[in-house]
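**Student:** One structure follows; several queries about it will come next.
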Amino acid sequence: MTTPNEHMPSTPDDGLPGAAELEAWMQLTGDETATKRLDQGAALVQPDEDNALTGEVIDAPSVPEADAAPRAPRVVVHRGDHEPLTVLPQWAKSPEVFLAAVQRESKFVASWVGHHGLRLPFVYLPKFLVRAGVGLGVCVRDLARWVTDAENKATRAALMASVRGTAEWKTLRKEHADGVRARLGGLAAAGFTSGVAGVTLHTYTGSEGLTAAAVAVGTAAVTAFGVIGTKRVEAPIVEAHEGEVPKLTVDVVSDALLTLGLGSMGEVKAGRAENKVLRIFPTTGGVEIHVDLVPGATTAMVIERKDRLASALRRPLDTVWPENNHKANPGRLNLYIADKALSERRDVEWKLRNKGETNVFEPFPIGEDQRGRQVSVNLMYNNVVVGGLPGMGKTYLLRVLILGAMLDPRTELHIHELKGTGDLLAFKPVAHVCQSGDDPSDFKALRDDLRNVREEVRRRSAFIRSLPRDQVPESKVTDELANRYGIKPLLFVIDESQLAFKDPTYGGEIADLVEDITRLGRALAIQLILATQRPNKDAIPTAISALISIRICLRVGDQTTNDMVLGTSMYRAGHRATDLDPEAKGVALMAGEKADPQLVRGASVDGAASDKIVERSRVIREAKGLLTGMAAGDIPADLDHSTVLDHLLAVWPENDPEWANGKIWSDELAARLAEHKPTLYTGWDAAQVNAAAKRHGVTAKNVKHGTGANNVRKGLVRAEVVKAVGDVIALPDTTTEED
């Protein structure tokens, strides 16, 4: 505690050091300072007259506690983000991948052996023998320099010059001569020993053993001289060929990704972030690499810089394919490196070329992707645009799309090829409409056909509305409805559509009709395909382009056209049809079928193969009675959208003298139809007539005619046919038959 007068100014001596004492203290050593502090502490606390201690109690300074071990952070693991561990490698689970890897390695080994085996006797061996001569010369020169002690010549000359004319000079000269003689003696001894060894070997093994030994020694000597000569030349005997690329290793891939400048470069350079290569493994047609990119980087950034990545990997541009992994985080990169460029691969064989049918309500194959995997497209409920430069295979790809739809015998084809070269006339034997040309009459025929299809859209729409809700819960034509009510899927194709929309006479109406059909027909099993060389606002009006769901872009010349076909900002996102190889025909980017645009190599179907497939389809359609329009030999289908009811009224006059009551047997109608339109109805019987009429809401009745046995047969009532033709739609009849 402190006394009342302890630090008062009147206190003559408070025991504290003065200024002079402090100055002297500053000059003391460490030990002296410690002693001084003790003396000062004793002066601060002194007993008073009552022998009681006075002064101020000062707490001892706190000693910092030792740093405690940092507490481990609590980690909460979200298992949902983790992929299941791989039990077996992909090549062990997939025979296709295993065989592809074996084939690739076998081809490499075979090509390596053939390449170097052919050059071994004619290129590599002569070069090696020449270099062996170089090596021999090097060895002889070095041996001579060793014998004569040439390495120390300069030092020896300087030393002897300093002692010239003295006894020491003679001593140095004698030592040098003795050294040379000793080394020559060593060489002579080595030669004598070799000779003795040769004689001994000949004595015990004969000339054969000596010859073998000489060959072995000579081969070893030539090899050694060749190695020495190659090192002196400093050029490999086997030179890398022009197409050789570095092997794909973890370091090569990491360094290549580093050049893209992904994420924070400061973090990357400091070693706190890295592109982690998870695995590299062979797959069909190439190698696949999985990479976790640096934090903050996404796969889209890599796709956008694909050209820089290909340059860093020293690979052709169309062999490097970065892809998203939608099952993982946006920073998980799946990088596929193909063995061959697209233009170097074999043509894609169409799986339906020789046999098989399709169902347009389901996807059908049209080609392969860059990995060799099958690419399929579903035309139902979609409208399609195909764009690309001339000569890039647009017609070939369009042909495959039409062939796939045609192999569903229910599909009604309306094809208008406005280029006028007849590229699509091969479909005429099965098409309801098939026109080629760019004359005013061709544009008028296209306009008339579109009018008929628009009326069909309205009829189908009203028919769908009339059905019970439980049959059409989604208000669209399904596969089941098409089969139940005979609704034919309809594919409308316009090749070189820009000519139709820009026609001064019919272009405006054609655009309006196409827009209506594109907007309303999709759910009614009516699909549209537009093909053009430059799909701008003039070639395809904006209102129509906005309704296109599947976009196929072959090679184009600029960014603007690329985005016109694939969609806005696709070029910036790295999906660039401008980078496609001009030598790879029928290769395109397809957007709309999957989350990201995918590459497709269209199947190769030439004109001869196309004719055979069309012939096969016609046989199927004839057997099922599904030929209509031009294919059935009718008047041009763009002027005739009549049905079987119209044909019945054409052969059944209102006042038929033989059937005065307005009723007629169906077998009589079948005979009249066959005579009126033999291409369509030859071979039909009463049952087929009744079934065709029922699809339009006219049900067969029991019709009595004449007297005698068998005078009651199934027939139709003309008034019901007339009523059904006059209605906007043909509803299915659900009433029971009456006598």
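Readers should treat all values here as calculations from the given coordinates under stated rules, not as data from a laboratory. Note that the structure is a prediction, hence the values are computed from the model and not measured. Positions of Cβ are backbone-derived with ideal geometry, glycine not excepted, and every protein chain shown enters the neighbour counts.
**Student:** Stretch L317-K612 to full length: gain in nm at 0.36 nm per residue minus the Cα-Cα span? Can you show the working numbers first?
**Tutor:** Working: separation 295, 0.36 × 295 = 106.20 nm, distance 3.70 nm.
Here the answer is 102.5 nm.
**Student:** Name the shape class, rounded, prolate or oblate, that the alpha-carbon gyration tensor gives for segment 116-233, where a ≥ b ≥ c are the square roots of its eigenvalues, rounded holds for a/c under 1.5, and otherwise prolate holds if a/b is larger than b/c and oblate otherwise.
**Tutor:** Cα axes put segment 116-233 in the oblate bin.
**Student:** Please state the shape class of segment 489-644: rounded when a/c is under 1.5, otherwise prolate if a/b exceeds b/c and oblate if not, all from the C-alpha gyration tensor.
**Tutor:** It is oblate, given that a/c is not under 1.5 and a/b is not larger than b/c.
**Student:** Now for a separate question. Would you mind giving the three semi-axes, in whole Å and largest first, of the ellipsoid equivalent to segment 250-341 according to its Cα gyration tensor? Intermediate values should be presented prior to the final figure.
**Tutor:** Working: eigenvalues 86, 40, 28 Å².
They are 21, 14, 12 Å, listed largest first.
**Student:** How far apart, in nanometres, would the label points at R451 and N325 be if each is projected 7 angstrom from Cα along the Cα-to-Cβ direction?
**Tutor:** Placing both labels 7 Å along Cα→Cβ, they lie 5.9 nm apart.
**Student:** Here is a follow-up. Grab the beta carbon distance between D255 and E474, set R0 = 45 Å, and tell me the FRET efficiency rounded to 0.05. Kindly include the intermediate steps, with their values, before the conclusion.
**Tutor:** On the way: r = 53 Å, r/R0 = 1.17.
So, using R0 = 45 Å, E works out to roughly 0.30.
**Student:** Moving to a separate point now. Stretch K231-L467 to full length: gain in nm at 0.36 nm per residue minus the Cα-Cα span?
**Tutor:** Values: separation 236, 0.36 × 236 = 84.96 nm, distance 8.91 nm.
Going from the current span to full extension adds 76.1 nm.
**Student:** Here's something else I'd like to know. Quickly rank 344-356, 106-118 as a protection proxy: mean count of other C-beta atoms within 10 Å, highest first.
**Tutor:** Highest mean packing first, the order is 344-356, 106-118.
**Student:** Could you derive backbone 3J(HN,Hα) for segment 547-562 from the dihedral phi with the Karplus parameters 6.51, -1.76 and 1.60 (θ = phi - 60°), listing whole Hz in sequence and x where the residue is Gly or Pro?
**Tutor:** Once θ is set to phi - 60°, the couplings for segment 547-562 become 9, 7, 9, 10, 10, 10, 10, 7, 4, 10, x, 8, 5, 4, 5, 4 Hz.
**Student:** In terms of Cα to Cα distance under 23 Å, which lysines are near enough to K153, apart from those fewer than 8 places away along the same chain?
**Tutor:** Answer for K153, where 23 Å is the Cα cut-off: K170, K174, listed by chain and number.
**Student:** Also, quick follow-up: Using the beta-carbon distance between A300 and L129 and R0 = 56 Å, what value does 1/(1 + (r/R0)^6) give for FRET efficiency, to the nearest 0.05?
**Tutor:** 0.45
**Student:** Okay, next question. Please give, to one decimal in nm, the separation of the simple spin-label points placed at S264 and V163, each 7 Å out from Cα toward the Cβ.
**Tutor:** 7.3
**Student:** Moving on. Over segment 210-351, what is the relative contact order in percent, taking alpha-carbon pairs closer than 8 angstrom and at least six residues apart? Display every interim value, and only then the final one.
**Tutor:** Details: 171 pairs, mean separation 27.8, N = 142.
Computed value for segment 210-351: 20 percent relative contact order.
**Student:** Something else: With only Lys, Arg, Asp and Glu charged, each at its Cβ (+1 for the first two, -1 for the last two), find how big the charge dipole of segment 642-726 is about the Cα centre; round to the nearest 20 debye. Kindly include the intermediate steps, with their values, before the conclusion.
**Tutor:** Working: 11 positive and 9 negative charges, 70 e Å.
The calculated dipole for segment 642-726 is roughly 340 debye.
**Student:** Still on this structure, please answer the following. Zone of R373 (label point 7 Å along Cα→Cβ, backbone N under 15 Å): which residues in segment 590-626?
**Tutor:** Label zone hits: 590, 593-601.
**Student:** Restricting to segment 364-620, compute how many DSSP beta bridges are antiparallel as a %, nearest 5.
**Tutor:** So the antiparallel bridges amount to about 35 percent of the total.
**Student:** Taking square-rooted eigenvalues a ≥ b ≥ c of the alpha carbon gyration tensor, is segment 364-620 rounded, prolate or oblate, where a/c under 1.5 means rounded and, failing that, a/b exceeding b/c means prolate?
**Tutor:** rounded
**Student:** Rank these for me by crowding, S376, S497, going from fewest to most other beta carbons within 10 Å.
**Tutor:** S376, S497
**Student:** Scan around V377 for amide H atoms under 5 Å from its own, H built in the peptide plane at 1.01 Å from N, and keep only partners 5 or more places away or cross-chain.
**Tutor:** HN-HN under 5 Å from V377: F364, I366.
**Student:** Note down the magnitude of the dipole of segment 116-233 about its Cα centre, charges +1 on Lys and Arg C-beta and -1 on Asp and Glu C-beta and zero elsewhere, to the nearest 20 debye.
**Tutor:** 500
**Student:** If you average over every viewing direction, what projected area does the convex hull of the Cα atoms of segment 642-726 give, in nm²?
**Tutor:** For the Cα atoms of segment 642-726, the hull's average projected area reads 5.3 nm².
**Student:** Taking R0 as 25 Å, what FRET efficiency do you get between R104 and A216 from their Cβ-Cβ distance, rounded to the nearest 0.05?
**Tutor:** For R104 and A216, the calculated efficiency is 0.05.
**Student:** Here are some pairs, K476/K537; K306/K340; K624/K677; K107/K585; which of them have Cα atoms lying more than 19 Å apart in this structure?
**Tutor:** Where the Cα-Cα span goes over 19 Å, the pairs concerned are K476/K537; K107/K585.
**Student:** Calculate the spin-label point distance for A546 paired with T203, positioning each point 7 Å from the Cα along the beta-carbon direction, and give it in nanometres.
**Tutor:** Those two pseudo-labels are separated by 10.9 nm.
**Student:** Please work out how much length the chain gains when fully extended from A660 to N334, using 0.36 nm per residue of separation minus the C-alpha to C-alpha distance, in nm with one decimal.
**Tutor:** Contour length minus the Cα-Cα distance gives 109.6 nm.
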